[in-house]
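A.B. asks: Below you'll find the structure I mean.
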Amino acid sequence: MKKRHIAYYVTAHGYGHGVRSCDVLGALLAAHPGTRVTVTTDLPADFLRSRVRSENLVVRPGTFDVGMVQRDSIRVDVAATLCHVLDLAEDRPRLIDYEAEMLRGENADLVVADIPSIPIEAAAAAGIPAVAVGNFSWDWIYAAYVDRDPRWRAAVRMFAEGYRKTTLLLKLPFSPAMAVFPKHVDMPLLARPGRARRGELARLTGADAAKRWVLLSFTALDWNAAALDAVERLADHEFFTVKPLEWPGRKNIRAVERHAIGFADVLASCDAVATKPGYGILSECVANAKPMVYADRADFAEYALLERELKRYLKNAHIPQADLYAGHLGPALAAIESAPAPAETLAGGGAEKAAEILMALA
């Protein structure tokens, strides 16, 4: 019997896309260990390998969308993003041809995209089915900027043309209509609970297990000395980051190496999470029933949707951007302790369902 080969493309826009892709791949390779998977992404290979351990997984560098150019974890640069997207549009025909030839040469049976459109177009050119996985599409994100600069119309059109060639969309929770895709399946939550390892984490970092623990879930956060001093004055709290984010020498901020204790387990060990709303962290907080202190993300269309969804499924408290950057976390952390319990829950098992669908199409 032929060993199936799946070409899986993951945007490097954010780690949330990588986390959910790893959840799907982990479930797929657990159920079908002989399947070959080539992941093409500019996310770090060690990040992927820390979550999916298989000799049949190959990581290949490459990027086929721009996402949003980030100033930091909260703020985006819309003008810089447009410049990069227009460059991508010029290179689109070459990229489609190159990837289509690669897919033929590698005898790929299925393309999965989370959620660049160029690999979908390459799959169509190579005569291979293509599945999109996502809770938004880039044509929808970029459409919000058309009124301020008409050049965005070309970007919207480029992504929409590609998405229309999709065989199937695995439509994740916390999503808009995504009507550009011809056919979709609504998916359960992909994320699964982590394992609380509070005692181990306390021994590893020197944290006081009796205090309230907060995970700072950011890839970058511009805290100056005054902000760090303000955080340090919250003496009844321990704060955790996952490297590379760290502030050495601060007595109540503990940086954890993800290879020592994985992100999901750090989250499961904490009492609350402070973050920006993103699909990945929202999913993991829902899966682990963790309250969320969240900062607003200006100029990003997904923010309003995710804010609405987190209010449905999580205990939550908003922190203004100015307070976040000043390190004034105390009021929001106090507010979340008395926040009402969420009214709704979400069923899990999305990774296993996605794996089953993908293998049926491969």
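A.B. asks: What is the distance, in nm, between label points placed 7 Å from the Cα along the Cα-to-Cβ direction at Ala210 and at Ala343?
C.D. replies: In this crude label model, Ala210 to Ala343 measures out at 4.0 nm.
A.B. asks: Within the range 186-215, name every residue whose backbone N is under 20 Å away from a label modeled 7 Å from Cα of Glu257 along the Cβ vector.
C.D. replies: Hits in the range 186-215 for Glu257 at 20 Å: 197-207.
A.B. asks: Measure off 7 Å from each Cα along the Cα-to-Cβ vector at Ser50 and Ala30, then give the distance between these two points in nanometres to one decimal.
C.D. replies: 2.0
A.B. asks: Here's another thing I want to ask about it. Cα axis of helix 302-313 to longest principal axis of the chain: angle in degrees, 0 to 90, nearest 10?
C.D. replies: Approximately 60 degrees, to the nearest ten.
A.B. asks: Are any of the pairs Lys171/Lys211; Lys2/Lys165; Lys3/Lys171; Lys3/Lys276; Lys2/Lys353; Lys3/Lys353 more than 29 Å apart by Cα-Cα distance, and if so, which?
C.D. replies: Lys171/Lys211; Lys3/Lys276
A.B. asks: Could you work out the relative contact order of the range 32-168, using alpha carbon pairs under 8 angstrom and six or more residues apart, expressed as a whole percent?
C.D. replies: Taking the mean separation of contacting Cα pairs over the length of the range 32-168, I get 18 percent.
A.B. asks: While we're on this one: If r is the Cβ-Cβ distance from Ala179 to His328 and R0 is 51 Å, what FRET efficiency results, to the nearest 0.05?
C.D. replies: Given R0 = 51 Å and the Cβ-Cβ separation, E is 0.80.
A.B. asks: Determine which residues of the range 1-18 fall in the zone a paramagnetic label at Tyr98 would reach in this model, i.e. backbone nitrogen under 15 Å from the point 7 Å along Cα→Cβ.
C.D. replies: none
A.B. asks: While we're here: So what's the net charge close to Asp222: Lys and Arg +1, Asp and Glu -1, counting the other residues with Cβ under 11 Å from its Cβ?
C.D. replies: Net of charged neighbours comes to +1.
A.B. asks: I've got another one for you. I'd like the GluC sites (Glu not before Pro) in the range 1-99 restricted to DSSP loop residues with at most 15 other Cβ atoms within 10 Å, sorted by number.
C.D. replies: Taking the range 1-99 and a limit of 15 other Cβ atoms within 10 Å, the loop GluC sites (Glu not before Pro) found are Glu55.
A.B. asks: Rg/Rh for the range 1-82 to two decimals, with Rh computed the Kirkwood way over all alpha-carbon pairs.
C.D. replies: Here Rg/Rh amounts to 1.06.
A.B. asks: Which whole-number percent gives the relative contact order of the range 198-337, counting Cα pairs below 8 Å spaced six or more residues apart?
C.D. replies: Relative contact order, the range 198-337: 24 percent.
A.B. asks: By per-residue mean of other Cβ atoms within 10 Å, what is the highest-first order of 326-334, 221-229?
C.D. replies: 326-334, 221-229
A.B. asks: Hey, rough spin-label estimate for Arg250 and Ala125, points 7 angstrom out along Cα→Cβ, what's it come to in nanometres?
C.D. replies: According to this spin-label approximation, the distance is 4.7 nm.
A.B. asks: Now, a different point. Where does helix 350-361 land angle-wise versus the long Cα axis of the chain, in degrees 0 to 90, nearest 10?
C.D. replies: Once rounded, one gets 10 degrees.
A.B. asks: Then there's this: Could you give the spread of the C-alpha atoms of the range 205-357 along their three principal axes, from largest to smallest, in whole angstroms?
C.D. replies: Dimensions of the range 205-357 along the principal axes of its Cα atoms: 48, 33, 30 Å.
A.B. asks: Once amide H atoms are built 1.01 Å from N in the peptide plane, which residues 5 or more positions from Ile253, or in another chain, come under 5 Å H to H?
C.D. replies: Result for Ile253 returns Phe239.
A.B. asks: Where does the chain land at 222 nm, in deg cm²/dmol rounded to the nearest 500, when only DSSP H runs of n ≥ 4 count, each adding -39500 (n - 2.57), divided by all residues?
C.D. replies: Dividing the helical sum by the residues of the chain leaves -12500 deg cm²/dmol.
A.B. asks: For the pair Ala335 and Ala360, what calculated FRET efficiency results from E = 1/(1 + (r/R0)^6), where r is the Cβ-Cβ distance and R0 = 41 Å, to the nearest 0.05?
C.D. replies: According to the calculation, E is roughly 0.35.
A.B. asks: Using a 10 Å cut-off around each Cβ, can you sort Tyr142, Tyr98, Tyr9, Tyr325 from fewest to most neighbouring Cβ atoms?
C.D. replies: Fewest to most other Cβ atoms nearby, the residues stand as Tyr98, Tyr325, Tyr142, Tyr9.
A.B. asks: Whole-Hz ³J(HN,Hα) for each residue in the range 226-231, computed from phi via Karplus 6.51 cos²θ - 1.76 cosθ + 1.60 with θ = phi - 60°, x for glycine and proline: what do you get?
C.D. replies: Running phi through 6.51 cos²θ - 1.76 cosθ + 1.60 with θ = phi - 60° gives 5, 5, 5, 4, 5, 5 Hz.
A.B. asks: To continue, here is another question. With an 8 Å Cα cut-off and a minimum separation of 6 or more residues, compute the relative contact order for the chain in percent.
C.D. replies: 17
A.B. asks: For the range 307-353, run through the GluC sites (Glu not before Pro) and keep only the ones in DSSP coil with at most 10 other Cβ atoms within 10 Å of their Cβ.
C.D. replies: Those that pass, being in a loop and sparsely packed, are Glu344.
A.B. asks: I'd like the trypsin sites (Lys or Arg not before Pro) in the range 32-123 restricted to DSSP loop residues with at most 12 other Cβ atoms within 10 Å, sorted by number.
C.D. replies: Those satisfying the criteria are Arg53, Arg71.
Bear in mind that the values in this text are calculations on the coordinates, not laboratory data. Because the structure is predicted, anything quoted here is derived from the model rather than measured. Glycine also receives a Cβ, built like all others from the backbone with ideal geometry; neighbour counts cover every protein chain displayed.
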